[in-house]
Every structure is written in C-alpha cells, then in structure tokens.
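Right, one structure below, let's go through it.
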Amino acid sequence: MSKKTSTKRASGKSPKSRTSNPKSLKYVYFFGNGKADGNRTMKDLLGGKGAGLAEMTNAGLPVPPGFTISTAVCNIYYKEKQKIPTAIDREIDTHLQTLEKTAGATLGSTENPLLVSVRSGAKFSMPGMMDTILNLGLNDDAVEGLKRRTQNGRFAFDSYRRFIQMFGNVVLEIPKDAFEHEFDSVKKAAGARLDTELDENALREVVQRYKKVVKERAKREFPQDPHVQLKMSRDAVFRSWMNARAIEYRRIYDIPDDIGTAVNVQMMVFGNTGDRSGTGVGFTRNPATGAKEFFGEFLINAQGEDVVSGVRTPQPIRELEKVMPKAYKQLREITTRLERHYKDVQDFEFTIQDERLFMLQTRSGKRTGYAAIFIATDLVAEKLLTPKEAVLLVDPESLNQLLAPGFDPDEWKKIPAATRGLPASPGAASGQVVFSADHAVEWVNQGKQVILVRRETVPDDIHGMFVSQGILTATGGMTSHAAVVGRQMGKPSIVGANALEIDESRREFRVDGKTVKEGDFISFDGLSGEVKIARVGTKPSEILQVLDGTLKPEKSNIYQRFEKLLSWADKIRRLGVYANADLPDQAALAYAFGARGIGLCRTEHMFFGEGRIPIVQRMILAESEADRRKALDELLPLQREDFYGVFKAMRGCPVTIRTIDPPLHEFLPKREDLMVDVARLEATGKKGKELDEKKRLLQRVEQLHEFNPMLGHRGVRLGITYPEITEMQTRAILEAACRLNKEGVKIAPEIMIPLVGLVKELSDQKVIVDRVAADVMKEQGIKIKYLVGTMIEIPRGCIVADQIARDAEFFSFGTNDLTQLTFGFSRDDSGKFLKIYQEKKILEKDPFASIDTEGVGDLVRTGVERGRKTRPDLKIGICGEHGGDAASVHFFHHAGLDYVSASPYRVPVARLAAAQAALSVKVGD
Ligand code: PEP
Ligand code: MG
C-alpha cells in the first residue's frame with residue numbers, strides 16, 4: 001500500500017506534468033570546505049544545530065563536512081504516514097555524493113570508508129530528548145577497511161560495536177541492557193575492569209555477540225548496506241520527535257509540536273582513536289552563576305555519548321590544557337571568537353582526533369536567571385552588547401528566580417515529590433502544616449513557621465495567608481483567590497494540587513499513600529509546583545534583603561546588576577508599569593520594585609484588617625439606611641488611614657482606588673458553620689442573645705445567598721443599591737488626599753468603578769463621586785485634581801466603550817473577569833478542566849495566566865479603539881493578572897495601552913517585558 005503511494009507520487013512528480021515542481025523547493029543544505037548553503041538566521045528550517053554548523057563553516061572554523069535535512073522534511077514524514085517522498089530521497093543521495101567527494105571517502109568502502117553521525121536538531125534545543133546515531137557506515141567489510149586505513153584494529157572494532165549498539169537501540173528499539181549484558185560478559189572473560197582494556201579480539205567477539213542480539217530481538221539481520229542504515233536512522237530520528245519525553249519537554253517549555261526537527265548527517269571525527277584524541281562539551285561562561293570562566297568537561301579516548309552517559313567520569317576542561325595544550329589553546333580561541341560573533345554565551349561540543357580539533361556544535365547556552373543577569377551586564381561592560389541588546393538577552397520570567405527564597409539544592413534533590421500542583425507564585429516554602437487561617441496566626445505568634453493548606457482560600461483567610469511561608473490549595477486555577485493573593489504578597493503558592501485529599505475536620509490530608517497531620521512539616525517549590533513531605537531550609541533572596549533595607553545595595557552584586565538592567569529597560573519602554581497593591585507596605589514594596597503608580601487598590605481587602613470585620617458585618621446586616629450609615633461612619637476613618645498610607649508610599653504617582661467589588665456574603669460567616677452553631681446552641685438549651693444573633697446572621701446569610709455570586713450582586717451593582725458605600729469610600733479618598741495636600745505631598749487619586757457594562761451604571765456612580773468630592777473639597781477649602789474612570793471587564797463594556805468613555809476619564813481592563821466572562825469559564829473552578837484542555841491541545845495556554853489574544857484580546861482592542869474614538873486622550877491600563885505576564889505585556893504594548901499593572905513581585909518582569917515589546921516594534925519597522 002505504501003509502496004503504491006510512493007510510486008504514484010514519483011510518477012506524479014514528473015517535471016513536465018507540474019507547473020510548480022516540488023524539486024524547486026530545497027530540503028537538504030550542505031556545509032563543508034568553508035562554505036555552507038545555510039546560515040545562523042535559518043534556525044526554523046535547519047534547527048539550532050544545523051544553523052550553527054552552517055555558520056561555523058562559513059566562518060572558516062574546523063567543522064567536519066555534512067548536510068542538514070530540513071525540519072520541513074520532518075513534517076512531510078509525519079504527513080505522509082512516516083514515509084519520505086522519493087524526490088527528497090534523491091536530494092539526500094545527491095548531497096551524500098557531494099559529502100563523499102568532499103571527504104575523499106565513500107560510504108561502505110573497504111578502502112577508505114566514510115563514517116557519519118546522524119543527529120537531531122530542532123529550532124529550540126531539547127537537550128537529550130531526541131536520538132543520535134554515531135559511526136554509521138560500518139559493516140563487516142568497511143570495518144576491515146577502517147582498520148587498514150587507521151592501522152588501528154582496536155579502534156575500528158570499538159567503533160563498529162558502538163554503532164551496532166546505538167543502531168540496535170535507537171532504530172530497532174532493542175533495550176540497551178541486552179547489549180550491555182553481552183559487553184559485560186566479554187569484559188569479565190577477558191578480566192578487564194575498564195572498557196578501554198578490551199583489545200581488538202575481544203571487541204570482535206563483542207561485535208559477533210551484538211549481531212546475534214539484533215537477530216534474536218529484532219528478528220532481522222543487522223543491515224549491512226550503509227544506505228539502508230542511513231535511511232533507517234534518519235527516520236528513527238524523525239520518530240524521536242514524537243517520543244513521550246520530547247512531547248513532555250515541549251509541553252513544559254511551550255515549544256510547538258508542529259515545528260519538527262532537522263536531521264544532521266555529518267562526517268565522523270573520532271575522539272576514540274587513542275590517547276591523543278578526546279571529546280568534550282563546554283560553555284564560554286558558567287551557566288549557573290554567569291561567572292566569566294571557561295566551563296566544561298572532556299574525556300580522553302572517548303566518543304560523545306561517553307561524556308553524557310556517565311559511564312566514565314569526565315575531567316574538568318582546564319585539565320585539557322595540561323594534556324593537549326595546543327588543542328586547548330585553539331579551543332579557547334575559537335569559542336571566544338564564537339561568543340563575540342554570536343554576542344552571547346555559547347554552549348559547544350568538540351572532538352579532538354589525533355590532536356586535531358573539530359567543532360561539532362555551538363548554540364546559545366541555557367542559563368539560570370541569576371546567570372542571565374550577570375552575563376547580560378558583563379557583556380555590556382565588555383562592549384560586546386549595547387544596553388538594548390542586553391535587555392533582549394534576559395527572559396523576563398527568569399527574574400522571578402532572583403526574587404524567590406531558595407532551598408538548598410542538594411537537600412531538595414534528595415527528597416521525592418509527593419505531588420504537584422499549578423505553580424502559582426514562585427519561591428521555596430517550608431513549614432508546619434496548618435488547616436485554618438486562625439491557626440496559622442496562632443502558631444506564628446508562637447514562633448512557628450507554617451504552610452497554610454486549604455481546599456481553597458477565601459478572602460477571610462487573608463490574615464492566615466499573610467503570616468504563612470506559603471499557600472497550598474487542592475483546587476483553583478492560576479487566578480483563583482489563593483493564586484492572586486499569593487502572587488501579590490510574593491508568597492510561594494501552589495494551587496490546584498488535586499491529589500491532596502484534605503480532611504479539614506480531622507486536620508489532616510492524604511497524598512501519595514501518606515497521611516500528613518497538622519504540625520507535620522512539608523516543603524514546596526512554587527516555581528516547579530512540586531510538593532515534598534519534609535522540612536528543607538530556605539532563605540530570602542538577596543534582592544529583597546536590599547529592598548527591605550536589611551542589606552546595603554553596595555554589598556549585593558546581584559542587586560546592582562538587576563537594577564542596572566532594569567534601568568536600561570525603563571529607558572526603552574513606552575508602557576508605564578504600575579502595581580496592584582492594597583496596603584501601604586505593599587505599595588512601598590511596589591515602589592521599591594519600580595512601580596510608578598497603583599493600577600488597582602482593592603479596597604475590600606482592607607475590610608479584613610484587624611477589628612474591621614465586625615463593623616463590615618454590621619454594615620451588611622443593617623436593616624435601615626440609617627443603621628448602615630452608622631457602620632459606614634465607623635469604617636470611614638479606618639479607610640481614610642489606609643488611603644493616606646497608600647498615597648504617601650507612592651510619592652505623588654497615580655493611585656487607582658476601586659470601590660467595593662465582591663459579593664457581600666464573602667464578609668459573612670459560612671452558612672453551614674452558622675447552621676451548626678445554631679443547632680449546637682439550641683441543643684444545649686441555651687436561649688438568649690447569642691442564639692438570637694446567630695439566627696439573625698443566618699437569616700441574612702440566607703438572604704444574601706446567590707447561585708452564581710460571580711455573576712450576582714457585586715461590583716457597581718453594590719454601589720448602585722447601596723450608594724452610601726460609594727459615598728463613604730469617596731469621602732475617605734478625598735479626605736486622605738486633602739490631608740496630604742496640606743502636608744505638601746503630591747497626590748493623584750483615580751477613583752475606579754468596577755464591573756461596568758452599561759454607561760448609565762457609571763453615570764449613576766460618577767454623580768455620587770463628584771458630589772461627595774465637591775463637598776469634601778469645600779469643607780477642607782482645597783482643590784484636588786482627581787479622575788473618575790471604570791474597569792472594563794464585562795464583554796458588553798468593550799462593545800459599548802464609546803458610550804462609556806463619555807463619562808469615564810480612564811479605563812482599566814480587568815482581564816481576570818473579562819477572561820472569565822468571555823470564555824464562560826469560572827475563574828475559581830476552571831483549574832479542574834483547563835489542565836485537560838491543555839493536555840488535549842484544545843487550549844495551548846491557561847487563558848487566566850496569559851492573555852487569549854484572539855478572543856479576549858480582540859475585545860480589548862475593540863474597547864481601546866471605541867473608547868478613544870469618543871475621548872482621544874483616554875488613559876488606558878490593565879490590572880488583571882495578565883499585567884505581570886511577559887507575553888501578555890507584549891500584546892498590551894501593541895494594543896496601545898498606556899500602562900500595565902502587576903502584583904508588586906511581578907513589577908520587574910513587566911518592566912523588562914515592556915522594554916522588549918518596545919524593541920520588537922522597532923525591529924519590525
Ligand atoms: C479583574 O477582573 O481582572 C480584576 C483585576 O479584578 P478582580 O480580580 O478583583 O475581579
Ligand atoms: Mg474583576
């Protein structure tokens with residue numbers, strides 16, 4: 001059947017019968033003799049390795065010749081049900097002949113056999129995920145040719161046995177230990193300790209045994225025809241693109257599945273011809289610390305896989321200087337040149353054959369966030385990069401690693417993970433498990449460190465969250481309460497760890513077959529999502545120590561570099577960066593992180609402050625407006641104090657304060673808890689005040705109960721039904737502003753009405769705000785410049801943005817609610833199914849973490865366009881969680897927003913991402 005298809009295809013491709021001849025498409029790219037068909041810009045087609053080999057060849061570096069079969073062929077291979085069209089086969093053959101000519105050797109020759117390596121290489125490096133085959137071209141005859149040519153029978157048979165083993169394992173899928181078993185028994189018989197102690201005869205014996213293994217396991221002879229070997233190996237490398245590990249790796253690193261891998265076929269050079277040969281890998285700088293030091297390892301008399309497989313322990317690269325000083329010097333020169341050429345740290349592979357150095361790979365080296373900052377700032381100091389280029393070199397997400405407290409890495413690795421959840425807020429957390437916010441506070445007051453474990457968190461838990469080392473929940477997604485608050489506080493947090501079976505009444509949870517009780521120690525890593533049942537020590541990051549004043553900036557090298565890089569970013573970016581902060585100390589931290597405005601102050605979070613909940617509850621329970629006003633009068637001075645602190649911390653930068661947003665029942669006890677209390681009191685026969693109060697509370701809770709609270713009585717709807725709340729909040733804002741004005745402090749208040757979808761909702765509230773503001777200013781005899789605006793977080797708000805902009809002096813997109821309402825996905829429940837959506841590729845990314853540019857993004861663009869049609873100078877920002885996500889920041893830059901607002905700990909990420917977005921505009925132009 002497949003044969004038939006290929007014949008049909010072949011005849012269909014007769015040049016005359018087609019107007020567009022597929023042969024005009026190039027699928028194979030040669031490199032050798034100082035010239036290559038490709039270059040460094042062609043990573044999409046040639047993969048990272050192929051593009052690097054081409055570039056090095058063009059630069060005149062010693063690279064063994066070869067050719068790259070492009071990534072397009074990988075996609076064709078899958079499209080054609082794992083077959084390669086004959087035309088491409090022919091193109092490969094032609095390049096093989098060129099390679100033979102260039103090398104002066106022929107595949108399978110008994111005189112001078114050409115040996116090649118067949119290696120994978122995708123656009124993004126996927127270290128160790130795909131397969132490689134070395135020494136291809138050897139067979140029973142060619143091995144004798146190799147022996148004659150090199151005068152080294154041991155080397156020839158060592159190469160052959162390695163090839164059979166690799167081919168057997170990778171192409172024929174025979175387990176490695178089947179070969180290792182034979183190898184060990186020959187070694188034992190020969191009384192050899194090391195592989196290198198086996199002589200030619202012993203290795204001949206190994207080859208015989210390996211061929212037998214192939215026959216028995218694969219039910220076929222080991223193929224002697226090198227052209228067949230090549231085709232089978234090429235296809236096996238294409239297949240390895242879809243192995244489970246590669247798929248998982250791409251999922252973790254967000255690499256698309258459809259870009260495919262290239263296959264590089266390259267003349268072999270040998271690191272295993274004797275003691276004057278060797279092979280190694282290295283980096284031009286230390287990838288963990290960024291230090292400018294030559295970094296790497298090598299092995300004498302070995303082939304590449306020996307270095308990585310751990311069969312032999314490699315030596316530090318400095319030792320190479322002692323054993324082969326000339327090759328070492330040349331390697332240093334070449335890699336320094338490569339670093340200058342690519343203007344970045346290089347990760348390279350080399351082989352030395354009889355003291356002659358060959359370069360086999362160069363690519364930009366992966367590094368930690370810590371190293372990234374050192375390298376970027378060093379390369380500018382060395383005048384290799386401009387500050388703009390340095391800003392582009394650092395992944396904004398990697399900055400998080402610098403802010404998070406860390407575990408001792410050796411200790412951490414030793415302990416197995418009990419489960420995994422969504423990595424909501426990075427950082428290392430270790431402490432004793434508690435199951436309630438009150439216990440958290442109690443225990444912390446006793447000097448303990450705790451981790452708050454909850455099925456989910458609610459606003460009422462805020463005090464417990466605040467004192468905990470970390471927050472771990474069994475449900476919830478990336479914008480659930482625990483995730484949002486955890487990030488805002490900079491608390492390591494993991495949410496949606498579904499495997500946790502929490503029994504709050506027994507104060508324990510079960511996971512991975514173990515029971516963890518309140519008080520037991522657990523640790524987790526908010527960057528990876530791993531949870532472990534053990535105590536592991538942590539310490540706060542150096543940068544935070546500088547920001548909170550416990551460490552002097554001049555004592556911290558990393559802080560100085562972090563600050564330098566971000567100051568470059570600030571000069572480049574167009575977007576303003578604000579922070580979401582509710583309390584004065586959060587605002588102060590946000591300012592220290594470089595936020596120059598508050599984009600969202602969620603006033604209701606202040607209601608949970610010490611001693612306030614009873615007042616808030618009185619306000620909610622009030623039967624008359626007069627009673628409600630009494631409670632509000634008590635809240636007024638407290639709110640005024642909060643706003644005063646936040647304004648002051650922001651030193652004259654704009655502060656956007658949102659009027660009350662969540663459904664009121666969130667401030668009341670849970671219905672079930674009250675029912676238990678009432679039943680308990682009734683059972684004990686206790687009558688009186690307590691029982692009456694509980695009953696009244698229960699009745700009100702029942703009145704306030706909603707089936708869909710997120711779509712219920714919340715946001716502007718509260719301000720419309722209880723105008724006195726808006727009045728109190730406006731008064732608190734303006735009175736705080738007047739006081740600061742009198743103290744000579746600049747202030748720029750912006751009052752924001754949430755959840756507006758109808759222009760009249762906003763008009764209603766604006767009248768109240770303006771009236772109360774005028775009253776306060778008159779009372780105080782001061783004029784304050786303030787703005788009234790709205791959140792755009794309901795799809796209808798985007799659509800009628802032109803009407804809303806008549807009343808709104810600014811917009812702030814609430815992309816959390818806008819995502820929830822556009823998709824119809826509950827932000828608190830979607831954790832359950834979004835994981836599966838991603839696994840099934842229904843969604844590439846969690847839309848609550850990174851903006852859905854097609855759907856939600858289109859609504860944002862519509863809102864911007866329509867809003868500015870009415871009011872061209874409309875100030876527009878975004879304060880959903882997406883404000884701290886680098887990819888989303890790019891989108892907001894291009895959508896023409898004025899600023900993004902992120903939780904304080906994500907402010908550095910937003911600053912850097914905003915600069916990168918601005919640079920990408922220039923590049924595109
Ligand atoms: C939003 O909806 O994006 C927003 C910032 O408001 P909240 O998360 O408080 O609903
Ligand atoms: Mg909202």
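For region 440-509, GluC sites (Glu not before Pro) are listed when DSSP marks them as loop and at most 16 other Cβ atoms sit within 10 Å of their Cβ; the list is 504.
Sorted largest first, the spans of the alpha carbon positions of the chain along the three principal axes are 105, 64, 63 Å. For residue 687, the lysines whose Cα comes closer than 18 Å to its Cα, not counting residues fewer than 8 places off in the same chain, are 695. Projected onto its three principal axes, the C-alpha set of region 94-237 covers 46, 35, 30 Å, listed from the longest axis down.
Modelled spin-label separation between residue 767 and residue 149, with each label point placed 7 Å from Cα along the Cα-to-Cβ direction: 9.3 nm. Within region 29-119, the trypsin sites (Lys or Arg not before Pro) that combine a DSSP coil assignment with at most 12 other C-beta atoms in a 10 angstrom radius are 81.
Separation of region 31-54 and region 660-734, taken as the distance between their Cα centroids, equals 67 angstrom. Of the GluC sites (Glu not before Pro) found in region 740-812, those in coil by DSSP whose Cβ has at most 14 other Cβ atoms within 10 Å are 743.
The residues 74, 879, when put in order of fewest to most other Cβ atoms within 10 Å, stand as 74, 879.
To check you understand DSSP bridge types, tell me what percent of the beta bridges within the chain (both residues inside) are antiparallel, rounded to 5.
Bridges in the chain are about 65 percent antiparallel.
Which residues in region 423-461 place their backbone N less than 18 Å from a point set 7 Å from the Cα of residue 411 along the Cα-to-Cβ direction? Correct set: 427-433, 448-451. The convex hull of the Cα atoms of region 254-293, projected and averaged over all directions, covers 5.9 nm². How large is the Rg to Rh ratio of region 449-600 when both quantities use alpha carbon positions and Rh follows Kirkwood? Over the Cα atoms of region 449-600, Rg/Rh equals 1.03.
The ranking of 92, 375, 836, 471 from fewest to most other beta carbons within 10 Å of each one's beta carbon is 836, 92, 375, 471. Straight-line reach from residue 532: taking Cα to Cα under 16 Å and skipping same-chain neighbours fewer than 8 places apart, the lysines in range are 413, 414, 514, 517. Cross-link pairs exceeding 23 Å between alpha carbons, from the set 539/571; 79/123; 292/388: 539/571. In terms of distances greater than 24 angstrom between alpha carbons, the cross-link table entries 101/211; 26/83; 176/215 yield 101/211. Of the residues 676, 263, the one with the fewest other Cβ atoms within 10 Å heads the list, and the complete ranking is 676, 263. Note on region 825-925: lysine pairs with Cα distance below 18 Å, sequence gap of 8 or more or different chains, count 4. The alpha carbon centroids of region 404-477 and region 502-517 are separated by 15 Å. Bridges between two residues of region 505-629, per DSSP, are antiparallel at a rate of about 80%. How big, in percent, is the set of alpha carbon pairs in region 429-489 lying more than 18 Å apart? I get 22 percent for the Cα pairs in region 429-489 exceeding 18 Å. Take 211-220, 392-401, 424-433 and order them by the average number of nearby Cβ atoms within 10 Å per residue, most first; the result is 424-433, 392-401, 211-220. Quick one: grab the alpha carbon gyration tensor of region 111-196, order the square roots of its eigenvalues as a ≥ b ≥ c, and give me rounded if a/c is under 1.5, else prolate or oblate depending on whether a/b is larger than b/c. Oblate. Bridgeable aspartates and glutamates around residue 188 (alpha carbons under 14 Å apart, same-chain partners fewer than 8 residues away excluded): 180, 197, 199, 205. Please give the FRET efficiency for residue 366 paired with residue 713, using the beta carbon to beta carbon distance and R0 = 56 Å, rounded to the nearest 0.05. Using R0 = 56 Å, I get an efficiency of 0.65. Farthest toward the positive end of the dipole of the chain, out of 61, 286, 880, is the Cα of 61, where the dipole comes from beta carbon charges about the Cα centre. Of the residues 246, 617, 112, the one whose Cα sits farthest towards the positive end of the charge dipole of the chain is 112 (charges of +1 on Lys and Arg Cβ, -1 on Asp and Glu Cβ, taken about the Cα centre). Pairs of Cα atoms nearer than 8 Å and 6+ residues apart set the relative contact order; for the chain it is 9 percent.
In region 304-401, with Lys and Arg counted as +1 and Asp and Glu as -1 at Cβ, which of these residues, 379, 399, 353, has the Cα nearest the positive end of the dipole, that is, farthest along it? Farthest along the dipole direction, towards plus: 379.
Where a number appears in this text, it was derived from the coordinates with a stated rule and is not lab data. In this text the structure is predicted, and so the values were computed from the model without any measurement. Don't worry about glycine lacking a Cβ; one is built from the backbone with ideal geometry, like all the others, and counts go over all protein chains shown.
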